[in-house]
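Q: A single structure is presented below for examination.
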Amino acid sequence: MSEPATDLSLRCSRPANLMEVCGTHSHALARYGIKQLLPSGVRMLSGPGCPVCVTPTRDIDLLVALARHEGVTLCTFGDMMRVPGTRSSLSLERAIGADVRVVYSPMEAVEYASADQARQVVFAGVGFETTAPMVAVSVLAAAEAGLTNYSVLSAHKTVPPALSALMEADDVRIDGFLCPGHVSAVIGMHPYEAIAARYRVPCVVAGFEATDLLLGLQMLLDQIDAGKACAENAYERSVRPEGNLHAQTVMAEVFEPCDSEWRGLGRIPDSGLRLRSKYACFDASVRCPMVVEASQDPPGCRCGEVLRGALLPEECPLFASDCTPAAPVGPCMVSTEGACAAAYRYGDPTEVQVPAEAHNV
C-alpha cells in the first residue's frame, strides 16, 4: 500500500507581497527553502524585525562614546559588537582597551556593578518587547540593591508602530504581515488587530519551525484570497491573545513610550522606550553625559531600504562583494538576524539573480 503524497506547496490565486517582520523568520524561511514553495506572483519581503539592524548609527556612536568614557564598563549582547558606527564599533573599542563585555542577560551587568562599585556599569538596552522586560527587571533589581553605579542606555523599540509606519510608506506595498512569535508572546494579539482593522492588511503570528511558517503563510494567503484582513494566531502554543501580562506590567513600570529613530524608517512616534522619571537616575545618558559628532551611515550601505522591504538584499551593490559576513559593511550583514546575512548564508552569492519585478515593489 503506497503512502499518500504530501503537498507542501502554498496556494494563492493572486499576486501578493508578504513581509516577514522578524529577522529570525527571515533566516528560518531561507534555511528551510520555504520561499521556493511560494505561488507564482507571491514574494517575501524582509522587514525591520532585527533590533540590531534598526538601531541607527547615532545610537551606535553613543555606545562607542560610552565605551571610551573613563571608569565605564559597557555590557552588551554579542550582536552589537561588530555593528559599525560612523568611525568605530564596540569590537574595535574593546580591541584598543575599552572595558566592553558581552553578556547573555542584563542581570549579569547588575552583578558586575555590585561586585565593583567603583566603576560605572552601563547596559546597552537594544531590543524589542522581548528584551525590554528583562532590562526593566535589571533596573528594579539595581534600585532594590541601592546600586548607584548601574545604568541603561535605552534604545529599545516597539514593533506595532513600525508596522503602521510601513503601511504608510510610499515606496513599498505590503499585502500581509507574518508577525514575530517571540514579540507576540509578550504583547499578545490585540496590537495586530488594531493594525489589521486600520489598514485592511492581514496579520498572522507564526512560530519558527517549518510547519509553523507554512501554516502562518497559508493563513495569510487564505485571507488575501478571501479578501479578508484580520489578525490570526498560528502560534497558539506560545502566544495568548492578551500576551504576557506580567512582562507588560514590569515594562510599563520602568519605561514609557517615546518617539524613536529607526534605521530605514526614520522617526516613528511612540515607538521607543525611555526610562520613566522615577528611574531617571538609571539613565546612562544622564549619568554619563556624552557628546558625539554628526553621525554618518556606511558609504554605499542600503540596509535602510532592505529593512522597509523596498530593496531585496541581493539588490544592494555591495552584497556579497564588498559586504560579506567576514567583512560586513552594514548591520543587516553583521547581525545573526539580518536579512542580508540570511540571503548570503542560504543563497548563492556568486550567482545572484534578482527577478525583474523585484524592482517594482
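Q: State whether the residues of region 256-279 include one that is surrounded by 19 or more Cβ atoms within 10 Å (Cβ to Cβ) and assigned to a helix (DSSP H, G or I).
A: Checked region 256-279: at least one residue is surrounded by 19 or more Cβ atoms within 10 Å (Cβ to Cβ) and assigned to a helix (DSSP H, G or I).
Q: Looking only at region 247-267, decide whether some residue is more than 19 Å from the chain's Cα centre (by Cα), small (G, A, S) and within 27 Å of M167 (Cβ to Cβ).
A: yes
Q: Sticking with this one: Of all residues in region 202-231, how many are over 13 Å from L29 (Cβ atoms), under 21 Å from the mean Cα position of the chain (by Cα) and either aromatic (F, W, Y) or open to solvent by 10 Å² or more (accessible area, probe 1.4 Å) (or both)?
A: Residues that pass the stated criteria total 1.
Q: Cβ-Cβ below 7 Å, separation at least six or inter-chain, first residue in region 225-246 and farther than 13 Å from C179 by Cβ and free of Cβ contacts under 8 Å to residues at least 60 places away in the same chain, second assigned to a loop (DSSP other than H, G, I, E, B) and open to solvent by less than 50 Å² (accessible area, probe 1.4 Å): which pairs?
A: Hits for this filter: K228/P202; A229/V201; A229/P202; R240/G188; P241/G188; P241/M189; E242/G188.
Q: Return yes when A234 is open to solvent by 50 Å² or more (accessible area, probe 1.4 Å) and among the small types (G, A, S) and no when it is not.
A: Against the criterion (open to solvent by 50 Å² or more (accessible area, probe 1.4 Å) and among the small types (G, A, S)), A234 does not qualify.
Q: Show the residue pairs that are 6+ apart or on different chains and have beta-carbon atoms under 6 Å apart, the first residue being within region 143-164 and closer than 13 Å to Y112 by Cα and among the hydroxyl-bearing types (S, T, Y), the second being part of a helix (DSSP H, G or I) and open to solvent by 20 Å² or more (accessible area, probe 1.4 Å).
A: S151/R287
Q: Which members of region 24-53 meet the condition of being free of Cβ contacts under 8 Å to residues at least 60 places away in the same chain and either of a type in the set (K, R) or in contact with a His (Cβ under 8 Å, 6 or more places away or on another chain) (or both)?
A: K35 - this is the single residue of region 24-53 that is free of Cβ contacts under 8 Å to residues at least 60 places away in the same chain and either of a type in the set (K, R) or in contact with a His (Cβ under 8 Å, 6 or more places away or on another chain) (or both).
Q: Just for region 46-95: of the residues that are farther than 24 Å from V183 by Cβ and acidic (D, E), which one is most open to solvent (accessible area, probe 1.4 Å)?
A: Applying the filter and picking the extreme gives E70.
Q: Please verify whether region 339-346 includes one or more residues that are outside any loop (DSSP other than H, G, I, E, B), of a type in the set (D, E, K, R) and modelled with pLDDT of 90 or more.
A: yes
Q: Between residues in region 302-324 that are under 20 Å from T55 (Cα atoms) and residues that are of a type in the set (D, E), which pairs lie under 7 Å by C-beta distance while being six or more apart or on different chains?
A: Between residues of region 302-324 that are under 20 Å from T55 (Cα atoms) and residues that are of a type in the set (D, E), the close pairs are A310/D171; L311/E305.
Q: Based on this model, can you work out whether Y199 counts as farther than 28 Å from M80 by Cα and of a type in the set (F, W, Y)?
A: Yes: the conditions hold for Y199.
Q: Considering only residues of region 120-138 that are within 19 Å of T73 (Cβ to Cβ) and polar (S, T, N, Q), which is surrounded by the most Cβ atoms within 10 Å (Cβ to Cβ)? Steps first, answer last, please.
A: So the first thing to find is which residues in region 120-138 are within 19 Å of T73 (Cβ to Cβ), and the list is 120-126, 134-135, 138.
The next check asks that each one be polar (S, T, N, Q); those that pass are 120, 138.
On the way: Q120: 21, S138: 25.
Checking each candidate, the answer is S138.
Q: Residues of region 139-177 being open to solvent by 20 Å² or more (accessible area, probe 1.4 Å) and of a type in the set (D, E, K, R), which ones?
A: Across region 139-177, the qualifying residues are E144, E168, D170, D171, R173, D175.
Q: Right, here's the next one. Of all residues in region 20-45, count the ones that are farther than 18 Å from F177 by Cα and of a type in the set (S, T, N, Q).
A: 2
Q: Would you check if A16 is touching a residue at least 60 places away in the same chain (Cβ under 8 Å) and more than 21 Å from the chain's Cα centre (by Cα)? Reasoning before the result, please.
A: Working: touching a residue at least 60 places away in the same chain (Cβ under 8 Å): yes; more than 21 Å from the chain's Cα centre (by Cα): yes.
When the stated conditions are applied, A16 passes them.
Q: With respect to S184, is the statement that it is open to solvent by 30 Å² or more (accessible area, probe 1.4 Å) and polar (S, T, N, Q) true?
A: no
Q: Which of the strands (runs of 3 or more DSSP E) found entirely inside region 18-124 contain at least 1 residues meeting this: within 20 Å of A341 (Cα to Cα)?
A: Those strands (runs of 3 or more DSSP E) span 42-49.
The values are calculated or read from the model by the stated rules, or taken from the named source; none is laboratory data. None of these values were measured; they are calculated from a predicted model. Note that each Cβ is placed from the backbone with ideal geometry, even for glycine, and that neighbours are counted across all protein chains shown. Please note that ligands, DNA and RNA were not included when accessible areas were found on the heavy atoms of the full protein model with its side chains. Shrake-Rupley method; radii C 1.70, N 1.55, O 1.52, S 1.80 Å.
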